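Just below is one structure, and these are the notes that go with it.
Every read-out reported here was derived from the displayed coordinates using simple, explicitly stated rules and does not represent laboratory data. Predicted model only: the values in this text are computed from it and were never measured. Please note: Cβ atoms are built from the backbone with ideal geometry, for glycine as well, and neighbour counts cover all protein chains shown.
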Amino acid sequence: MVAAKAIVVPELHAPFQLVEVELDSVQPHEVLVELKATSICATDPAVQHGKIPLDFPVVLGHEGAGVVKKIGSAVTDLAEGDHVVLSYNSCGKCRQCQKQNNFRCLEIMERNFGGQREDGSKTISWKGKPVSSSFFGQSSFCNPTVAHISSCIKVDKSLDLAVVCSLGCGIQTGAGSIFNVVKPAESDVRSLGVFGLGAVGCATVMAARIVAQNNPTVLSQIVAVDVNENRLKLARGLGATHTINPEKENVKAKLLEITGGENLDAAVDCSGVLSVVNTMIESIGAGGIAVTIGSPGNDSKASVPILPFITGAKTYCASHQGNANSKTFIPHLASLYKQGRLPIDRLQKTYRAENINEAIADMKSGSVIKPVLLWR
Ligand SMILES: [Zn+2]
Ligand SMILES: [Zn+2]
């Protein structure tokens, strides 16, 4: 047992609270990570408010980055002193993992939202009792933390860990929806709609601009949709060619106008709002692809108009973690950031770890897109 500081959610809907905890020792497939920073993703407050069920108290956090301090006996590809970004956990053994499709791991739910290790033990105890932990194989609202080797992505030491921490979930999810799912260059995607401009949506816009820069014949129209004018302005700076505020304009009519009556070749919903998902589905044209990233909740059902989908041979699909294998994708994104092509630092604002509730309030109000907690 090692002493650590953790931000716990003591019970459903309770505020986050920075407390002293005890950390279990590392098992063979784990490493001890001293965190520099952990950014906040919408999934953290979603668990706090019961939208994803986990037992309380719980230690969340799934966008951590830090330095490896100790490695388990079975760890061969990391050493003490390595810098790591922490991402989602996968088993590495199932049929999907064997195909390098770790984002579809057959154990994805229990390994990321199970609140415990595979053997049922917990990495963190509070007031002498084990608490739900191993969130995304990391629970990086605890410092230091015990992370599963599958969640650890080694990155270049020249990178600022307080920036690249955000690659672990949200940025990977947005950028991957373009690079790995829509694949605009292969599919001749001229028009793209991005619905919702949180961190995921902004990363989607940034990735679209990168593809457009590399392939001048595609993505001449990148349309960002959000109700927040500041975010629309930001999106224009990140690569959006058009913006729509649904509170001021009719989204479907405006998209028809922008696309010359053809509707969108591709669309990505990052809002997780069911009515927006349905608008997205209705806004793609012949051969178009609509991609769901944000979840409106456990029981939500999107509505697909079947006949237009048949006659237009359209696709509605979902993407998880950008359909990315983090071990290769996160270093790729980190190099794009280093080249100045994926300016994720423009989305971030730093806070001291104990100010997490203020950080989440700022994220929810829309004044900050990606809050980053600093551990010192
Ligand atoms: Zn996340
Ligand atoms: Zn697996």
Quiz item: By the scheme Lys and Arg +1, Asp and Glu -1, what is the net charge of all other residues having a beta-carbon under 11 Å from that of Ala290?
Solution: -2
Exercise. State log₁₀ I(q)/I(0) for the range 19-170 at q = 0.12, 0.18, 0.20, 0.21 Å⁻¹ as given by the Debye formula over alpha-carbon point scatterers of equal weight, solvent excluded.
Key: -0.44, -1.04, -1.30, -1.42
Quiz item: Hey, which lysines would be in cross-link range of Lys338, C-alpha to C-alpha under 18 Å, not counting anything within fewer than 8 residues on its own chain?
Solution: Lys154, Lys157, Lys327
Quiz item: Top mean-square fluctuation among Cys165, Cys142, Cys97, Gaussian network model of the chain, C-alpha springs under 10 Å?
Solution: Cys97
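What ranking do Arg111, Arg376, Arg209, Arg352 get, fewest neighbouring Cβ atoms within 10 angstrom at the top?
Working: Arg111 22, Arg376 9, Arg209 19, Arg352 13.
Lowest count first: Arg376, Arg352, Arg209, Arg111.
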Quiz prompt | Cα gyration tensor shape of the range 174-320, rounded if a/c is under 1.5, else prolate or oblate by comparing a/b with b/c | solution = rounded
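Work out the P(r) tail for the chain: percent of alpha carbon pairs separated by more than 40 Å, whole number.
Working: 9054 of 70500 pairs.
Of all Cα-Cα pairs in the chain, 13 percent lie more than 40 Å apart.
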Quiz item: Once Lys and Arg get +1 and Asp and Glu get -1 on their Cβ, which of Pro296, Ala224, Ala235 lies farthest toward the positive end of the dipole of the range 181-311?
Solution: Ala235
Quiz prompt | DSSP-defined antiparallel bridges as percent of all bridges, the chain, nearest 5 | solution = 60 percent
Quiz item: Based on the alpha-carbon gyration tensor of the range 125-260 and its eigenvalue square roots a ≥ b ≥ c, which shape applies: rounded if a/c is under 1.5, prolate if not and a/b is larger than b/c, or oblate?
Solution: prolate
Exercise. Please work out the FRET efficiency for the pair Ser25 and Thr76, using the Cβ-Cβ distance as r and a Förster radius of 30 Å; give the result to the nearest 0.05.
Key: 0.95
Practice problem: Under 15 Å from the Cβ of Gly237, count the other residues' Cβ atoms, weight Lys and Arg +1, Asp and Glu -1, and hand me the total. | Solution: +3
Practice problem: Enumerate the calculated ³J(HN,Hα) couplings along the range 44-55 in order (Karplus 6.51 cos²θ - 1.76 cosθ + 1.60, θ = phi - 60°), each rounded to whole Hz, writing x wherever the residue is Gly or Pro. | Solution: 5, x, 5, 6, 3, 9, x, 6, 10, x, 8, 6
Quiz item: In nanometres, what is the gap between the two model label sites at Arg352 and Ala313, each 7 Å from Cα along Cα-to-Cβ?
Solution: 6.1 nm
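Classify the range 1-109: rounded, prolate or oblate, from the alpha-carbon gyration tensor (a ≥ b ≥ c, eigenvalue square roots; a/c under 1.5 rounded; otherwise prolate if a/b is larger than b/c)? Don't jump to the answer; show the numbers that get you there.
Values: a/c = 1.99, a/b = 1.19, b/c = 1.67.
Here the range 1-109 falls in the oblate category.
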Quiz item: Which residue fluctuates the most in the chain, going by a Gaussian network model with Cα springs under 10 Å, if the choices are Glu110, Glu22, Glu229?
Solution: Glu229
Quiz prompt | Charge dipole of the chain about the Cα centre (unit charges at C-beta), most positive-ward option of Leu161, Asn250, Ile40 | solution = Leu161
Self-check item: Selected from Gly285, Ile306, Thr145, residue furthest toward positive end of dipole (the chain; charges at beta carbon)
Solution: Gly285
Practice problem: Eight or more residues apart or on different chains, and alpha-carbon atoms under 21 Å: count the Lys pairs in the range 1-147 matching that. | Solution: 10
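For Val372, Val146, what ranking results if the residue with the fewest other Cβ atoms within 10 Å of its Cβ goes first? Show your work: numbers first, answer last.
On the way: Val372 24, Val146 27.
Lowest count first: Val372, Val146.
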Practice problem: Under a 10 Å cutoff between Cα atoms, tell me which one of Gln17, Gln321, Gln138 has the largest fluctuation in the Gaussian network model of the chain. | Solution: Gln17
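About its Cα centre, how strong a charge dipole does the chain have in debye, to the nearest 20, once Lys and Arg get +1 and Asp and Glu get -1 at the Cβ?
Working: 36 positive and 34 negative charges, 92 e Å.
Using only the charged Cβ atoms, the result is roughly 440 debye.
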Quiz item: What's the local net charge at Pro144, with K and R +1, D and E -1, over the other residues with C-beta under 10 Å away?
Solution: +2
Quiz item: What aspartates and glutamates sit close enough to Lys349 to cross-link, taking a C-alpha to C-alpha distance under 18 Å and skipping anything fewer than 8 places away on the same chain?
Solution: Asp44, Glu63, Asp160, Glu358, Asp362
Practice problem: Report the residues of the range 146-181 in range of a label on Lys69: point 7 Å along Cα→C-beta, backbone N strictly under 17 Å from it. | Solution: 146-149
Practice problem: Calculate one ³J(HN,Hα) per residue across the range 188-205 by plugging θ = phi - 60° into the Karplus curve 6.51 cos²θ - 1.76 cosθ + 1.60, and present them in order as whole Hz with x for glycine and proline. | Solution: 6, 7, 8, 10, 10, x, 10, 9, x, 10, x, 4, 5, x, 5, 5, 5, 5
Quiz item: Between Asp55 and Lys127, 0.36 nm times their residue separation minus their Cα-Cα distance comes to what?
Solution: 24.3 nm
Quiz prompt | the chain, relative contact order in percent, only Cα pairs under 8 angstrom and at least six apart counted | solution = 17 percent
Quiz item: So what J values fall out for the range 165-182 if you push phi through Karplus, 6.51 cos²θ - 1.76 cosθ + 1.60 with θ = phi - 60°, rounded to Hz, Gly and Pro as x?
Solution: 3, 6, 6, x, 9, x, 5, 4, 4, x, 4, x, 4, 8, 5, 10, 10, 5
